[in-house]
Amino acid sequence: MATLSARRGPVGSSSAKPSVIAQVENHFEPHYPHRLNFYDSPPQFDVTLEQFESWALDRLRILAEIESCFARNRPFEELKNIVGAQQKKYLSMNSNTAINVDKDAERKKDHVSHFVLRLAFCRSDELRRRFIKAELALFRVRWDTDDVAEKSAFMHSRDFALGEVSKEEKTELEEQLRA
């Protein structure tokens, strides 16, 4: 349970009344098995107003940096380095192998902040396009920096109805794929 501190009395009042602690009930604690997320469903749990605002601002900083990289025509490798540094600072997303890290809390922040900004950017087609473009770049960076085992686990968790390509088929189609 998260706690909120609320003051009693009018602002600027010098009354010595103790503060009231309000409890926010979480009816559902999410579990995020993967670092990658398609954001299929909105959050179904409570967050504080402070979390709502600060998490959205943290994600907005990252998306603004992505847009800045696009405006400066930076190559993908440079974008990946810049976004990686911004993610470590504002929206860290550790891999499943990380130890002593609350991965679910990190992923919960990612999940909520995505939907807050999705809501904020839905006012016009242009804002939606900008949001989708930046989110796609963020997903590409995360995909590119994830290890093979986690990518595979994520792909298998989704029902894409796709089979793996055998080595024989890869070598058979290699020339066509390179063209």
Quick one: order I66, I132 from most to least accessible surface, probe 1.4 Å. I132, I66
Straight-distance crosslink candidates among lysines, where the alpha carbon sits under 18 Å from K108 and sequence neighbours closer than 8 are dropped: K88, K89
Based on alpha-carbon centroids, what's the gap between segment 38-88 and segment 154-179 in Å, whole number please? 31
Highest to lowest packing among 69-76, 107-114, 81-88, scored as the average C-beta count within 10 Å: 107-114, 81-88, 69-76
The lysines whose Cα lies under 30 Å from the Cα of K170, excluding any fewer than 8 residues away in the same chain, are K80, K151
Loop only per DSSP, at most 15 neighbouring Cβ atoms within 10 Å: give me the chymotrypsin sites (Phe, Trp or Tyr not before Pro) in segment 129-179, ordered by residue number. F160
Rounded to two decimals, what is the ratio between the C-alpha radius of gyration of segment 20-173 and 2.2 N^0.38 Å? 1.17
Please give the contour-minus-distance gain from S92 to K151: 0.36 nm per residue of separation, less the Cα-Cα distance, rounded to one decimal in nm. 19.5 nm
Qualifying GluC sites (Glu not before Pro) for segment 74-179 [loop in DSSP, other Cβ within 10 Å: at most 14]: E164
Roughly how many percent of the accessible protein surface of segment 76-179 is carbon and sulfur, given a 1.4 Å probe and a whole-percent answer? 53
How much length is gained on full extension from V101 to N73, taking 0.36 nm per residue of separation minus their Cα-Cα distance? 6.6 nm
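The values are calculated or read from the model by the stated rules, or taken from the named source; none is laboratory data. This one's a predicted model, so the numbers in the text were calculated from it and none came from an experiment. Glycine also receives a Cβ, built like all others from the backbone with ideal geometry; neighbour counts cover every protein chain displayed. All accessible areas refer to the heavy atoms of the entire protein, side chains included, with ligands and DNA or RNA removed. Shrake-Rupley method; radii C 1.70, N 1.55, O 1.52, S 1.80 Å.
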